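These notes concern the structure reproduced below.
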Amino acid sequence: MLLYLYSLIVMLQNKIYQNFYIEIFKTFLLILFGLSLIALTVRAVSFLDLIVENGYPVATYFKYSILNLFGIAPKFIPLAFLLSITIFILKHLENSEFIILWTSGVKKIQMVNLFFLTSVSILIFYLLFSIFLTPMALNQSRKLLGNENLNSFLPTIKTQQFSDSFKGFTFLVEKKLNNEIQNIFLHDKGNNLKNLSSNVNNTNEITIIAKSGVIKEKKMFLFNGQIISSSQNLENEIIKFEQLNIDLSNLKNRTIKTPKIQETGTLKLIGCMKNQYFNNVKCKEDIKKDILPLLNRRIVFPLFIPVVALIASLLLLKVKKRKSFNKIGIFTLCFLVLLYAELIIRYTGLYQIINYMFLLSPILLSLVTYIFLKIKFSNEFKSNE
């Protein structure tokens with residue numbers, strides 16, 4: 001890390017390299033923001049359904065969307081960098097700026113070094129997200145839904161459909177017009193309505209049937225119905241009513257309290273791989289098979305970013321014929337490398353040899369590509385003498 005910082009500082013003392021570095025990074029951030037925003041917009045509809053159907057306030061929707069943006073953005077980092085480095089190279093090749101640099105004594109391998117150092121900056125940026133920010137944000141988004149109180153019961157109601165959005169509480173409504181409802185069925189086995197029974201301590205489940213009702217925010221007013229309470233000794237108690245007022249503010253949604261693997265901190269996952277505990281359960285082999293690909297995605301997959309930078313540097317090679325084909329070919333090659341990494345990572349938890357192959361791939365590809373570039377540039381230089 002210290003060697004990288006020193007190399008970067010030395011290179012960026014040159015004004016030309018400094019401007020190039022900033023240009024690539026700004027283009028990368030712009031593309032990443034654009035791709036993430038498009039993806040968030042597409043998913044915003046499903047987020048809205050989730051929030052509205054469970055009766056959360058509108059503010060929760062925006063908080064939830066922002067937190068999930070931290071989960072969406074890292075997925076586009078490799079593609080955003082590939083596009084930014086490709087756009088940069090093609091732009092400066094087209095306006096002949098690179099030719100001016102070559103004739104003034106700048107070596108092509110120096111430009112490759114700049115691309116590589118820039119890719120390491122993106123790599124660090126990627127690791128910051130994948131190891132720390134993304135799991136933390138996803139965990140917070142789950143907690144947000146778990147801690148938020150019911151804002152209004154009305155949006156959770158869908159006519160002629162059983163709804164079990166709340167823990168231990170199921171309901172069905174035949175018709176709904178504004179805040180008025182008809183032919184209502186409520187079933188509670190989570191002690192939400194236990195106080196409606198005459199024998200509170202001996203009641204297991206409560207069922208309410210009513211002809212009509214009105215909903216006002218967190219309260220439900222039912223008319224002309226009956227309460228059926230089932231006791232522990234399987235006896236039923238039936239109470240008829242003309243009007244019944246029910247407070248629904250204490251209903252708990254079904255949000256999962258225990259973090260999913262994707263929401264769990266990286267250090268905790270590494271601890272699981274060392275035969276420690278995961279979510280208070282001793283780590284078993286089947287859990288490790290799911291955790292290893294996730295750790296590889298967070299820690300190893302970002303190492304393919306420098307590989308993309310080096311392969312994209314092939315655009316700097318002299319090509320006499322079919323230049324457009326060469327550009328498309330190199331871009332496709334970069335894309336295929338990312339696709340290869342994306343596909344193989346899924347099997348790293350199943351086969352040890354695939355895991356080792358995945359771990360070595362970015363290092364070997366970087367070395368081979370860099371050596372190839374150095375040889376090619378050296379041959380070009382000799383042929384020009």
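So the values come out like this:
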item	result
Some residue of region 274-292 being touching a Ser or Thr at 6+ places or on another chain (Cβ under 8 Å) and either part of a helix (DSSP H, G or I) or at pLDDT 90 or above (or both)	yes
One residue from F358, F304 being within 20 Å of T86 (Cα to Cα) and assigned by TED's automatic domain parsing to the domain that holds T103	F304
So K216, is it modelled with pLDDT under 85, of a type in the set (D, E, K, R) and either under 31 Å from the mean Cα position of the chain (by Cα) or not assigned by TED's automatic domain parsing to the domain that holds I131 (or both)	yes
V112 vs. criteria out of contact with any Gly (no Cβ under 7 Å at 6 or more places or on another chain) and farther than 26 Å from I9 by Cβ	no
Residues of region 284-310 classified as charged (D, E, K, R) and within 14 Å of I345 (Cβ to Cβ), total	4
Cβ-Cβ under 6 Å pairs, at least 6 apart or on other chains, region 306-317 side farther than 14 Å from F88 by Cα, far side of a type in the set (G, A, S)	P306/S119; P306/S366; V307/S366
The one condition in (1) out of contact with any helix residue (DSSP H, G or I) (no Cβ under 6 Å at 6 or more places or on another chain); (2) modelled with pLDDT of 95 or more; (3) of a type outside the set (A, V, I, L, M, F, W, C) that P302 fails to fulfil	(1)
Hits in region 366-383 (condition: touching a residue at least 60 places away in the same chain (Cβ under 8 Å) and either crowded, with 18+ Cβ neighbours inside 10 Å or not acidic (D, E) (or both))	S366, T369, Y370, L373, K374, F377, F381
Residue in region 21-48 that is surrounded by the fewest Cβ atoms within 10 Å (Cβ to Cβ), counting only those that are touching a helix residue (DSSP H, G or I) at 6+ places or on another chain (Cβ under 6 Å) and of a type in the set (F, W, Y)	F47
Condition check for S165: small (G, A, S), touching a helix residue (DSSP H, G or I) at 6+ places or on another chain (Cβ under 9 Å) and modelled with pLDDT under 90	yes
Meets criteria (over 13 Å from P78 (Cα atoms) and surrounded by 20 or more Cβ atoms within 10 Å (Cβ to Cβ)) for G329	no
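The values are calculated or read from the model by the stated rules, or taken from the named source; none is laboratory data. This is a predicted model, so every value here is computed, not measured. Methodologically, a virtual Cβ is constructed for each residue, glycine included, from the backbone with ideal geometry; neighbour enumeration extends over all protein chains shown.
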